[in-house]
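Participant: Below is a structure I'd like to ask you about.
Since every read-out is calculated from the coordinates, none of them should be taken as a lab result. A quick note: this is a predicted structure, and the numbers were derived from the prediction, not measured. Neighbour counts are summed over all protein chains in view; Cβ atoms, including those assigned to glycine, are modelled from backbone coordinates with ideal geometry.
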Amino acid sequence: MTMRRPGRGRWTWCAALAAALASIPALPAGEAAAFCRTTTCKGQDACNGEEIAGCTPLAWKRTCIGFALQEDASEKVPLEDARASLSDAFYIWQSADCGGAPPGLAIQDMGTVTCGEVEYNSEAGNANLMVFRDGVWPHEGGQHNIALTTVSYDPNTGELYNADIEVNTAGYDFSGEFSYDLTWVLTHETGHFLGLGHSEPPAIMQPSYDPSQVGGPDLSPDDVAGICAAYPPADLDPGRCNPIPRHGFAPLCGDAQTPGCSVAPGEQRGSGSGQAVRAVIAGALAVVAAVVARAVRRART
Ligand SMILES: [Zn+2]
């Protein structure tokens with residue numbers, strides 16, 4: 001596959017809050033598909049376009065999303081190689097054929113960030129980052145995880161607020177002759193980043209990775225159906241593409257940011273009923289036959 005990469009840009013970290021919105025789509029009537037979307041209900045993915053009462057599929061409710069790379073990359077994967085793989089992974093999803101048009105989302109490279117923490121800050125700036133874990137894979141019981149994507153979202157609406165990808169370079173080799181294919185792994189992880197759940201082989205969203213079985217990082221019809229259901233084609237205005245995360249873009253972690261910069265507007269801690277809350281789901285890509293771990297916790301918007 002010939003791949004063009006999304007445009008790259010640099011952004012100052014005290015930028016304004018983005019506010020572009022788009023609706024969550026529905027699968028066209030009568031279209032058979034086998035894909036799953038992560039929902040607001042822990043452990044309950046909505047598959048094949050089904051609707052689960054009280055469970056809303058996750059999606060970015062904006063057409064322009066930014067991502068960033070942790071500046072140190074990996075001793076085993078140089079920064080520019082990582083950037084190329086991640087950009088290609090997003091481009092693969094953006095190139096899906098949704099009935100003659102691509103999915104209705106734009107994705108931009110926002111450069112590098114210092115922060116390597118998986119976090120979503122409700123009172124400071126954010127970045128949707130990819131970070132390598134060279135030393136220790138920090139997820140207890142997750143030694144079978146090749147990579148892990150953690151998404152933060154509004155549990156009432158399913159709106160995705162933040163997504164961070166961790167790659168387990170402590171446990172897996174992405175550079176040798178018999179290594180794992182980083183672009184394949186990142187295409188899978190960016191599927192989670194965009195709100196997709198696990199489906200069955202040969203989908204790129206299959207829950208495990210067997211180096212002897214997987215091919216190139218190409219989307220299966222199920223993958224295409226999933227991304228097109230989540231982001232149907234739309235008239236995107238490049239001039240209005242604003243990839244800046246909620247509460248601003250920040251290359252520093254939340255606790256290192258300057259007070260007063262990239263703060264959240266008008267929120268009060270512990271204000272009782274009606275307060276928006278945030279939930280987090282982590283979706284892991286495991287080695288073949290390994291169990292996929294999920295963890296959920298709640299916090300403020
Ligand atoms: Zn996965």
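Participant: Could you sort 180-192, 109-121 so that the peptide with the highest average Cβ count within 10 Å comes first and the rest follow in order?
Facilitator: So the peptides 180-192, 109-121, ranked by packing, come out 180-192, 109-121.
Participant: Taking H placed 1.01 Å from N in the peptide plane, check which residues at least 5 places from CYS64 or on another chain put their amide H under 5 Å from its amide H.
Facilitator: Correct list: ALA106, ASN242.
Participant: Turning to a different aspect of this structure: Tell me, in nm to one decimal, what length is gained between GLU51 and ASP72 on full extension, where the rule is 0.36 nm per residue of separation less the Cα-Cα distance? Intermediate values should be presented prior to the final figure.
Facilitator: On the way: separation 21, 0.36 × 21 = 7.56 nm, distance 4.18 nm.
Net length gain for the segment: 3.4 nm.
Participant: Show the residues, 5+ positions off or on another chain, whose built amide H is closer than 5 Å to the amide H of ALA124.
Facilitator: ALA264
Participant: Under the classification rounded if a/c is under 1.5, otherwise prolate if a/b is larger than b/c and oblate if not, where does region 91-151 fall, given a ≥ b ≥ c as square roots of the Cα gyration tensor eigenvalues? It would help to have the intermediate numbers written out before the result.
Facilitator: Working: a/c = 2.53, a/b = 1.54, b/c = 1.64.
Taking the square roots of the gyration eigenvalues as a ≥ b ≥ c, region 91-151 is oblate.
Participant: Okay, moving on. Each residue of region 47-55 in turn: what ³J(HN,Hα) in whole Hz from Karplus with 6.51, -1.76, 1.60 and θ = phi - 60°, glycine and Pro shown as x?
Facilitator: Once rounded to whole Hz, the list reads 10, 6, x, 5, 10, 10, 4, x, 10.
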